[in-house]
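The values are calculated or read from the model by the stated rules, or taken from the named source; none is laboratory data. What you see is a predicted model, and the numbers here were worked out from it, not measured in a lab. Cβ placement follows ideal geometry from the backbone for every residue including glycine, while neighbour counts extend to all protein chains displayed. In case anyone asks, the SASA skips ligands and DNA or RNA and just uses the protein heavy atoms, side chains included. Shrake-Rupley method; radii C 1.70, N 1.55, O 1.52, S 1.80 Å.
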Amino acid sequence: GFYMIYLDHAATTPVPRAVADAMYEVLTEQFGNPSSQYPMGLEMKRRVEAWRQTVADALGCGGKQLFFTSCGTEADNWAVTAACWQNRHAGRHIVTTAVEHSAVLEACRWMERQGYEVTYLAPAQDGSITAEQVLSAVRPDTALVSCMLVNNELGNIYPIAEIAKGLAARNPQTLLHTDAVQGFLKVPCSAKALGADFITISAHKIGGPKGIGALYIGQRVKNPKPLLAGGEQESGLRAGTEATAQIAGFAKAVELRLEHLEDKLRHMAEIRDYAVELLSAIPDLKILSAPGGAPHVLSVSLVGWPSQNIVNDLGQQGICISAGSACHQGKPSHVIAALKLPKKVSGGVIRLSFGPETTKADIDGCAAALRQHHATRMPML
Ligand code: PLP
(Lines give C-alpha, C1' and ligand atoms only; values in the text may rest on other atoms or scores of the structure.)
Protein backbone atom coordinates (compact mmCIF):
# COMPACT_ATOMS: atom_id res chain seq x y z
CA GLY A 1 0.00 0.00 0.00
CA PHE A 2 0.92 3.68 0.22
CA TYR A 3 1.62 3.68 3.93
CA MET A 4 2.75 1.49 6.77
CA ILE A 5 2.02 3.67 9.77
CA TYR A 6 -0.92 6.06 9.75
CA LEU A 7 -0.76 8.71 12.47
CA ASP A 8 -2.97 11.39 10.93
CA HIS A 9 -6.47 10.60 12.18
CA ALA A 10 -7.19 14.30 12.76
CA ALA A 11 -6.80 14.82 9.00
CA THR A 12 -9.04 11.92 8.10
CA THR A 13 -9.74 8.31 9.09
CA PRO A 14 -10.01 4.95 7.34
CA VAL A 15 -13.56 3.78 6.61
CA PRO A 16 -14.27 0.37 8.19
CA ARG A 17 -15.60 -2.33 5.91
CA ALA A 18 -19.06 -2.26 7.53
CA VAL A 19 -19.36 1.46 6.71
CA ALA A 20 -18.32 0.93 3.09
CA ASP A 21 -20.79 -1.98 2.84
CA ALA A 22 -23.64 0.16 4.15
CA MET A 23 -22.77 2.78 1.55
CA TYR A 24 -22.45 0.21 -1.24
CA GLU A 25 -25.95 -1.09 -0.60
CA VAL A 26 -27.36 2.43 -0.84
CA LEU A 27 -25.42 3.22 -4.00
CA THR A 28 -26.41 0.09 -5.87
CA GLU A 29 -29.60 -1.54 -4.56
CA GLN A 30 -31.42 0.98 -2.39
CA PHE A 31 -30.53 3.87 -4.66
CA GLY A 32 -33.91 5.62 -4.64
CA ASN A 33 -34.43 9.33 -4.21
CA PRO A 34 -36.00 10.03 -0.80
CA SER A 35 -38.39 12.48 -2.48
CA SER A 36 -39.85 9.84 -4.80
CA GLN A 37 -43.36 8.69 -3.96
CA TYR A 38 -43.12 4.95 -4.78
CA PRO A 39 -42.05 2.45 -2.12
CA MET A 40 -38.29 2.63 -2.80
CA GLY A 41 -38.35 6.42 -2.41
CA LEU A 42 -40.59 6.35 0.65
CA GLU A 43 -38.37 3.69 2.17
CA MET A 44 -35.28 5.83 1.55
CA LYS A 45 -36.99 8.82 3.18
CA ARG A 46 -37.72 6.67 6.23
CA ARG A 47 -34.14 5.41 6.34
CA VAL A 48 -32.59 8.88 5.98
CA GLU A 49 -34.66 9.97 8.99
CA ALA A 50 -33.50 6.90 10.94
CA TRP A 51 -29.86 7.66 10.07
CA ARG A 52 -30.40 11.28 11.07
CA GLN A 53 -31.74 10.08 14.41
CA THR A 54 -28.67 7.88 14.93
CA VAL A 55 -26.33 10.84 14.46
CA ALA A 56 -28.61 13.15 16.48
CA ASP A 57 -28.70 10.68 19.38
CA ALA A 58 -24.90 10.62 19.42
CA LEU A 59 -24.91 14.42 19.58
CA GLY A 60 -27.64 14.47 22.21
CA CYS A 61 -30.14 16.45 20.17
CA GLY A 62 -33.42 15.87 18.37
CA GLY A 63 -33.43 14.68 14.77
CA LYS A 64 -35.35 17.82 13.79
CA GLN A 65 -32.41 19.94 14.96
CA LEU A 66 -29.80 18.18 12.84
CA PHE A 67 -29.22 19.11 9.19
CA PHE A 68 -26.93 17.19 6.87
CA THR A 69 -24.42 19.23 4.89
CA SER A 70 -21.77 18.31 2.34
CA CYS A 71 -18.94 18.61 4.90
CA GLY A 72 -17.86 20.24 8.13
CA THR A 73 -16.68 23.26 6.18
CA GLU A 74 -20.16 23.81 4.78
CA ALA A 75 -21.72 23.52 8.24
CA ASP A 76 -19.21 26.07 9.62
CA ASN A 77 -19.96 28.50 6.79
CA TRP A 78 -23.69 28.06 7.33
CA ALA A 79 -23.51 28.60 11.08
CA VAL A 80 -21.57 31.85 10.75
CA THR A 81 -23.84 33.31 8.09
CA ALA A 82 -27.08 32.08 9.70
CA ALA A 83 -26.14 33.54 13.10
CA CYS A 84 -25.28 36.89 11.51
CA TRP A 85 -28.53 36.82 9.57
CA GLN A 86 -30.65 36.15 12.64
CA ASN A 87 -28.93 38.96 14.54
CA ARG A 88 -28.60 41.40 11.65
CA HIS A 89 -30.58 44.07 13.49
CA ALA A 90 -28.90 43.43 16.83
CA GLY A 91 -25.33 44.11 15.79
CA ARG A 92 -22.48 43.48 13.42
CA HIS A 93 -19.72 42.19 15.66
CA ILE A 94 -18.30 38.64 15.79
CA VAL A 95 -16.04 37.13 18.42
CA THR A 96 -13.94 34.17 17.35
CA THR A 97 -10.45 32.81 17.99
CA ALA A 98 -7.27 33.03 15.97
CA VAL A 99 -6.99 29.23 16.10
CA GLU A 100 -10.28 28.25 14.43
CA HIS A 101 -10.30 26.08 11.34
CA SER A 102 -10.15 28.12 8.13
CA ALA A 103 -13.77 27.14 7.48
CA VAL A 104 -14.74 29.48 10.32
CA LEU A 105 -11.99 32.05 9.85
CA GLU A 106 -12.65 32.57 6.16
CA ALA A 107 -16.40 32.77 6.77
CA CYS A 108 -15.68 35.50 9.33
CA ARG A 109 -13.39 37.31 6.86
CA TRP A 110 -16.25 37.22 4.37
CA MET A 111 -18.50 38.85 6.97
CA GLU A 112 -15.79 41.48 7.53
CA ARG A 113 -15.95 42.35 3.85
CA GLN A 114 -19.67 42.89 4.38
CA GLY A 115 -19.05 45.43 7.12
CA TYR A 116 -18.83 43.22 10.18
CA GLU A 117 -16.17 43.74 12.81
CA VAL A 118 -14.43 40.57 13.97
CA THR A 119 -12.43 40.08 17.17
CA TYR A 120 -9.90 37.25 16.79
CA LEU A 121 -8.87 36.10 20.26
CA ALA A 122 -5.26 35.03 20.70
CA PRO A 123 -4.58 31.81 22.63
CA ALA A 124 -2.08 31.56 25.47
CA GLN A 125 1.23 29.95 24.53
CA ASP A 126 -0.14 26.52 25.52
CA GLY A 127 -3.03 27.00 23.10
CA SER A 128 -5.64 27.63 25.76
CA ILE A 129 -8.53 30.08 25.49
CA THR A 130 -10.51 30.91 28.61
CA ALA A 131 -14.22 31.54 28.95
CA GLU A 132 -13.51 34.89 30.64
CA GLN A 133 -11.39 35.91 27.68
CA VAL A 134 -14.23 35.13 25.27
CA LEU A 135 -16.93 36.70 27.42
CA SER A 136 -15.04 39.93 28.02
CA ALA A 137 -14.78 40.40 24.23
CA VAL A 138 -18.57 40.19 23.88
CA ARG A 139 -20.30 43.55 23.39
CA PRO A 140 -23.94 44.68 23.16
CA ASP A 141 -23.64 44.46 19.35
CA THR A 142 -22.05 40.97 19.24
CA ALA A 143 -24.10 38.83 16.87
CA LEU A 144 -22.03 35.66 17.12
CA VAL A 145 -19.40 33.93 19.18
CA SER A 146 -17.72 31.09 17.27
CA CYS A 147 -15.27 28.98 19.25
CA MET A 148 -14.22 25.45 18.45
CA LEU A 149 -14.64 22.58 20.93
CA VAL A 150 -11.32 20.85 20.21
CA ASN A 151 -8.43 22.41 18.34
CA ASN A 152 -7.42 20.24 15.40
CA GLU A 153 -3.70 21.00 15.61
CA LEU A 154 -3.12 21.06 19.36
CA GLY A 155 -5.94 19.06 20.92
CA ASN A 156 -6.87 21.80 23.41
CA ILE A 157 -10.45 21.58 24.63
CA TYR A 158 -12.19 24.94 24.88
CA PRO A 159 -14.80 25.73 27.58
CA ILE A 160 -17.93 25.89 25.42
CA ALA A 161 -20.45 25.12 28.18
CA GLU A 162 -18.93 27.83 30.36
CA ILE A 163 -19.04 30.30 27.46
CA ALA A 164 -22.69 29.42 26.82
CA LYS A 165 -23.61 30.00 30.47
CA GLY A 166 -21.67 33.26 30.60
CA LEU A 167 -23.25 34.53 27.40
CA ALA A 168 -26.72 34.20 28.86
CA ALA A 169 -25.75 36.87 31.39
CA ARG A 170 -23.42 38.96 29.22
CA ASN A 171 -25.54 39.22 26.09
CA PRO A 172 -28.45 36.80 25.75
CA GLN A 173 -28.96 37.77 22.11
CA THR A 174 -25.50 36.66 21.02
CA LEU A 175 -25.61 33.27 19.29
CA LEU A 176 -22.94 30.68 20.00
CA HIS A 177 -21.42 28.36 17.39
CA THR A 178 -18.95 25.62 18.13
CA ASP A 179 -16.99 23.70 15.52
CA ALA A 180 -17.00 20.27 17.15
CA VAL A 181 -15.50 18.42 14.18
CA GLN A 182 -12.55 17.25 16.32
CA GLY A 183 -14.61 16.91 19.48
CA PHE A 184 -17.50 14.71 18.34
CA LEU A 185 -17.09 11.23 19.84
CA LYS A 186 -13.68 12.22 21.18
CA VAL A 187 -14.64 14.38 24.18
CA PRO A 188 -18.00 15.01 25.89
CA CYS A 189 -20.05 16.69 23.20
CA SER A 190 -23.75 16.62 23.93
CA ALA A 191 -25.67 19.53 22.46
CA LYS A 192 -27.55 19.88 25.72
CA ALA A 193 -24.43 20.05 27.89
CA LEU A 194 -22.58 22.37 25.50
CA GLY A 195 -25.47 24.81 25.25
CA ALA A 196 -24.37 26.15 21.87
CA ASP A 197 -26.89 27.34 19.28
CA PHE A 198 -24.95 25.80 16.38
CA ILE A 199 -22.69 22.73 16.43
CA THR A 200 -20.66 21.48 13.47
CA ILE A 201 -19.67 17.84 13.03
CA SER A 202 -18.12 15.85 10.17
CA ALA A 203 -18.17 12.12 9.40
CA HIS A 204 -14.66 11.55 8.09
CA LYS A 205 -12.96 12.19 11.43
CA ILE A 206 -14.76 9.23 13.05
CA GLY A 207 -14.50 6.50 10.43
CA GLY A 208 -17.18 7.85 8.10
CA PRO A 209 -16.84 8.95 4.49
CA LYS A 210 -15.51 12.33 3.41
CA GLY A 211 -18.07 14.71 1.99
CA ILE A 212 -20.74 14.57 4.67
CA GLY A 213 -21.17 16.72 7.76
CA ALA A 214 -24.01 18.06 9.83
CA LEU A 215 -25.05 21.22 11.58
CA TYR A 216 -27.07 21.23 14.79
CA ILE A 217 -29.31 24.28 14.95
CA GLY A 218 -30.84 24.95 18.35
CA GLN A 219 -34.26 26.33 19.16
CA ARG A 220 -33.04 29.85 19.84
CA VAL A 221 -32.45 30.19 16.11
CA LYS A 222 -35.81 31.23 14.74
CA ASN A 223 -36.46 30.61 11.03
CA PRO A 224 -32.83 29.79 10.19
CA LYS A 225 -31.53 31.24 6.97
CA PRO A 226 -31.54 28.48 4.33
CA LEU A 227 -28.11 27.55 3.07
CA LEU A 228 -29.28 26.32 -0.33
CA ALA A 229 -32.62 27.44 -1.71
CA GLY A 230 -34.49 24.85 -3.71
CA GLY A 231 -36.41 21.72 -2.79
CA GLU A 232 -37.84 20.68 0.53
CA GLN A 233 -34.88 18.57 1.63
CA GLU A 234 -33.48 19.18 5.14
CA SER A 235 -36.73 20.97 6.05
CA GLY A 236 -36.18 23.32 3.11
CA LEU A 237 -33.03 24.74 4.72
CA ARG A 238 -30.42 22.86 2.73
CA ALA A 239 -31.96 21.87 -0.57
CA GLY A 240 -30.44 19.26 -2.84
CA THR A 241 -31.13 15.54 -3.12
CA GLU A 242 -29.95 13.85 0.07
CA ALA A 243 -26.50 12.25 -0.20
CA THR A 244 -28.05 8.94 0.83
CA ALA A 245 -24.92 6.78 0.69
CA GLN A 246 -22.85 9.38 2.56
CA ILE A 247 -25.57 9.73 5.19
CA ALA A 248 -25.82 5.94 5.54
CA GLY A 249 -22.04 5.82 5.97
CA PHE A 250 -22.12 8.63 8.54
CA ALA A 251 -24.74 6.82 10.62
CA LYS A 252 -22.94 3.48 10.36
CA ALA A 253 -19.66 5.09 11.39
CA VAL A 254 -21.35 6.66 14.42
CA GLU A 255 -22.93 3.33 15.37
CA LEU A 256 -19.58 1.52 15.10
CA ARG A 257 -17.65 4.20 16.95
CA LEU A 258 -20.18 4.14 19.79
CA GLU A 259 -19.52 0.43 20.41
CA HIS A 260 -17.17 0.39 23.41
CA LEU A 261 -16.49 4.09 22.83
CA GLU A 262 -15.02 4.54 26.31
CA ASP A 263 -12.50 1.75 25.64
CA LYS A 264 -11.55 3.34 22.32
CA LEU A 265 -11.01 6.74 23.91
CA ARG A 266 -9.00 5.21 26.75
CA HIS A 267 -6.91 3.40 24.13
CA MET A 268 -6.23 6.64 22.24
CA ALA A 269 -5.25 8.41 25.45
CA GLU A 270 -2.90 5.54 26.31
CA ILE A 271 -1.35 5.75 22.86
CA ARG A 272 -0.93 9.50 23.27
CA ASP A 273 0.71 9.08 26.69
CA TYR A 274 2.96 6.36 25.29
CA ALA A 275 3.96 8.69 22.43
CA VAL A 276 4.71 11.50 24.91
CA GLU A 277 6.93 9.13 26.86
CA LEU A 278 8.83 7.83 23.83
CA LEU A 279 9.16 11.12 21.97
CA SER A 280 10.26 13.05 25.05
CA ALA A 281 13.42 10.96 25.03
CA ILE A 282 14.41 12.25 21.57
CA PRO A 283 16.95 15.09 21.76
CA ASP A 284 15.52 18.54 20.90
CA LEU A 285 11.99 17.22 20.96
CA LYS A 286 9.47 19.40 22.77
CA ILE A 287 5.91 18.35 23.59
CA LEU A 288 3.50 21.18 22.76
CA SER A 289 0.05 19.74 23.52
CA ALA A 290 -1.02 20.73 27.01
CA PRO A 291 -2.08 17.92 29.37
CA GLY A 292 -5.82 17.37 29.56
CA GLY A 293 -6.48 17.78 25.85
CA ALA A 294 -8.40 15.54 23.47
CA PRO A 295 -7.11 11.94 23.47
CA HIS A 296 -6.38 11.72 19.75
CA VAL A 297 -4.09 14.71 19.08
CA LEU A 298 -0.45 15.23 20.01
CA SER A 299 1.51 18.23 18.83
CA VAL A 300 5.28 18.24 19.25
CA SER A 301 8.22 20.14 17.84
CA LEU A 302 11.59 18.80 16.82
CA VAL A 303 13.13 22.13 17.70
CA GLY A 304 15.37 23.35 14.89
CA TRP A 305 14.35 20.77 12.29
CA PRO A 306 11.92 22.03 9.61
CA SER A 307 8.61 20.20 9.89
CA GLN A 308 8.15 19.92 6.14
CA ASN A 309 11.41 17.94 5.89
CA ILE A 310 10.28 15.65 8.71
CA VAL A 311 6.93 15.02 7.06
CA ASN A 312 8.62 14.29 3.72
CA ASP A 313 11.28 12.04 5.24
CA LEU A 314 8.82 10.00 7.29
CA GLY A 315 6.42 9.95 4.37
CA GLN A 316 9.09 8.28 2.24
CA GLN A 317 9.21 5.56 4.87
CA GLY A 318 5.45 5.06 4.81
CA ILE A 319 4.79 7.00 8.00
CA CYS A 320 1.95 9.50 7.73
CA ILE A 321 2.07 12.49 10.06
CA SER A 322 1.15 16.08 9.56
CA ALA A 323 3.04 19.37 9.76
CA GLY A 324 0.58 21.18 12.01
CA SER A 325 -2.44 20.81 9.77
CA ALA A 326 -3.19 19.15 6.46
CA CYS A 327 -4.66 22.44 5.25
CA HIS A 328 -1.46 24.47 5.54
CA GLN A 329 1.36 22.52 3.93
CA GLY A 330 4.56 24.48 3.65
CA LYS A 331 4.38 27.34 6.14
CA PRO A 332 3.66 27.30 9.87
CA SER A 333 -0.10 27.20 10.16
CA HIS A 334 -2.08 30.13 11.55
CA VAL A 335 -2.68 28.04 14.67
CA ILE A 336 1.01 27.49 15.38
CA ALA A 337 1.76 31.10 14.43
CA ALA A 338 -0.82 32.27 17.00
CA LEU A 339 1.16 30.59 19.80
CA LYS A 340 4.00 33.05 19.15
CA LEU A 341 6.66 30.43 19.78
CA PRO A 342 10.33 31.00 18.96
CA LYS A 343 10.93 30.43 15.25
CA LYS A 344 12.95 27.26 15.77
CA VAL A 345 10.08 25.76 17.77
CA SER A 346 7.24 26.77 15.45
CA GLY A 347 9.27 25.70 12.40
CA GLY A 348 9.56 22.15 13.72
CA VAL A 349 5.97 21.45 14.69
CA ILE A 350 4.45 18.13 13.71
CA ARG A 351 1.15 16.60 14.70
CA LEU A 352 0.53 12.94 15.43
CA SER A 353 -3.10 11.93 15.71
CA PHE A 354 -4.60 8.62 16.69
CA GLY A 355 -7.60 6.40 16.13
CA PRO A 356 -8.95 3.20 17.63
CA GLU A 357 -6.76 1.26 15.15
CA THR A 358 -3.47 2.88 16.24
CA THR A 359 -1.02 0.54 17.99
CA LYS A 360 2.00 1.05 20.21
CA ALA A 361 4.07 -0.51 17.41
CA ASP A 362 2.99 2.42 15.20
CA ILE A 363 4.39 4.80 17.81
CA ASP A 364 7.59 2.76 18.10
CA GLY A 365 8.09 3.02 14.34
CA CYS A 366 7.40 6.73 14.26
CA ALA A 367 9.66 7.47 17.24
CA ALA A 368 12.52 5.51 15.67
CA ALA A 369 12.14 7.42 12.41
CA LEU A 370 12.08 10.76 14.24
CA ARG A 371 15.18 9.86 16.21
CA GLN A 372 16.89 8.87 12.96
CA HIS A 373 15.79 12.10 11.29
CA HIS A 374 17.25 14.10 14.16
CA ALA A 375 20.52 12.20 14.01
CA THR A 376 21.04 12.34 10.25
CA ARG A 377 19.28 15.39 8.79
CA MET A 378 20.25 19.03 8.75
CA PRO A 379 18.63 21.39 11.21
CA MET A 380 17.63 24.84 9.94
CA LEU A 381 20.33 27.47 9.74
N1 PLP B 1 -13.21 22.04 11.46
C2 PLP B 1 -12.19 21.36 12.01
C3 PLP B 1 -11.77 21.66 13.41
C4 PLP B 1 -11.52 20.38 11.27
O5 PLP B 1 -10.49 19.72 11.81
C6 PLP B 1 -11.95 20.11 9.97
C7 PLP B 1 -11.20 19.11 9.19
O8 PLP B 1 -10.99 19.10 8.04
C9 PLP B 1 -13.03 20.85 9.44
C10 PLP B 1 -13.63 21.81 10.23
C11 PLP B 1 -13.54 20.66 8.06
O12 PLP B 1 -14.33 19.51 7.94
P13 PLP B 1 -14.54 18.92 6.46
O14 PLP B 1 -13.25 18.32 6.05
O15 PLP B 1 -15.64 17.91 6.61
O16 PLP B 1 -14.96 20.06 5.60
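Rounded if a/c is under 1.5, else prolate if a/b beats b/c, else oblate: with a ≥ b ≥ c from the C-alpha gyration tensor eigenvalues square-rooted, which is the chain?
Oblate, because a/c is 1.5 or more while a/b does not exceed b/c.
Please state the shape class of the stretch 234-381: rounded when a/c is under 1.5, otherwise prolate if a/b exceeds b/c and oblate if not, all from the C-alpha gyration tensor.
Prolate shape, in that a/c is at least 1.5 and a/b is the bigger ratio.
Taking Cα atoms, how many degrees apart are the long axis of helix 307-316 and the longest axis of the chain, rounded to 10 and kept between 0 and 90?
Taking Cα atoms only, the helix is inclined about 90 degrees.
Which Cα, out of ALA239, HIS177, GLY304, lies furthest along the positive dipole direction of the chain (beta carbon charges, K/R +1, D/E -1)?
It is HIS177, whose Cα lies furthest towards the positive end.
Mind checking which of MET44, PHE31, THR69 is farthest towards the positive end of the stretch 26-71's charge dipole, using Cβ charges of +1 (Lys, Arg) and -1 (Asp, Glu) about the Cα centre?
Of the candidates, THR69 comes out farthest on the positive side.
Where both residues lie in the chain, what percent of DSSP beta bridges are antiparallel, nearest 5?
50 percent
Under unit Cβ charges (Lys, Arg +1; Asp, Glu -1), what dipole magnitude, rounded to 20 debye, does the stretch 109-258 have relative to its Cα centre?
Computed about the Cα centre, the dipole is about 200 debye.
Of all the accessible heavy-atom surface of the stretch 233-348, with the other protein chains kept in place and a 1.4 Å probe, what percent is carbon and sulfur?
53 percent
Of the residues VAL145, VAL80, VAL26, which exhibits the maximal mean-square fluctuation in a Gaussian network model of the chain defined by a 10 Å Cα contact cut-off?
VAL26
Per residue, how much accessible area does the stretch 258-339 have with a 1.4 Å probe, in Å²?
On a per-residue basis, 43 Å².
Checking the table LYS205/LYS252; LYS210/LYS252; LYS186/LYS286; LYS165/LYS225; LYS165/LYS192; LYS205/LYS360 against a 18 Å threshold on Cα-Cα, which pairs fail?
LYS186/LYS286; LYS165/LYS225; LYS205/LYS360
Would you please classify the overall shape of the stretch 55-187 from the alpha carbon gyration tensor, given that a ≥ b ≥ c denote the square roots of the eigenvalues, rounded means a/c under 1.5, and beyond that prolate means a/b larger than b/c while oblate covers the rest?
Rounded shape, in that the Cα axes give a/c under 1.5.
About the Cα centre of the stretch 237-347, what is the dipole size in debye to 20, counting +1 per Lys and Arg Cβ and -1 per Asp and Glu Cβ, all else neutral?
In total the dipole reaches around 540 debye.
Could you size up the charge dipole of the chain around its Cα centre, putting +1 on the beta carbon of Lys and Arg and -1 on that of Asp and Glu, and report it in debye to the nearest 20?
Roughly 780 debye, rounded to the nearest 20.
Using per-residue counts of other Cβ atoms within 10 Å, averaged over each peptide, order 277-283, 132-138, 244-250 from highest down.
Descending mean neighbour count gives 244-250, 132-138, 277-283.
Pick out, from ILE212, VAL55, GLY166, the residue whose Cα sits farthest towards the positive end of the charge dipole of the chain, with +1 on the Cβ of Lys and Arg and -1 on the Cβ of Asp and Glu.
Checking the options against the dipole of the chain, the answer is GLY166.
Relative to the longest principal axis of the chain, what angle (0 to 90°, nearest 10) does the C-alpha long axis of helix 102-113 take?
With both axes taken from Cα atoms, the answer is about 60 degrees.
Note down the accessible area of ASP364, probe 1.4 Å, to the nearest 10 Å².
Result for ASP364: roughly 70 Å² accessible.
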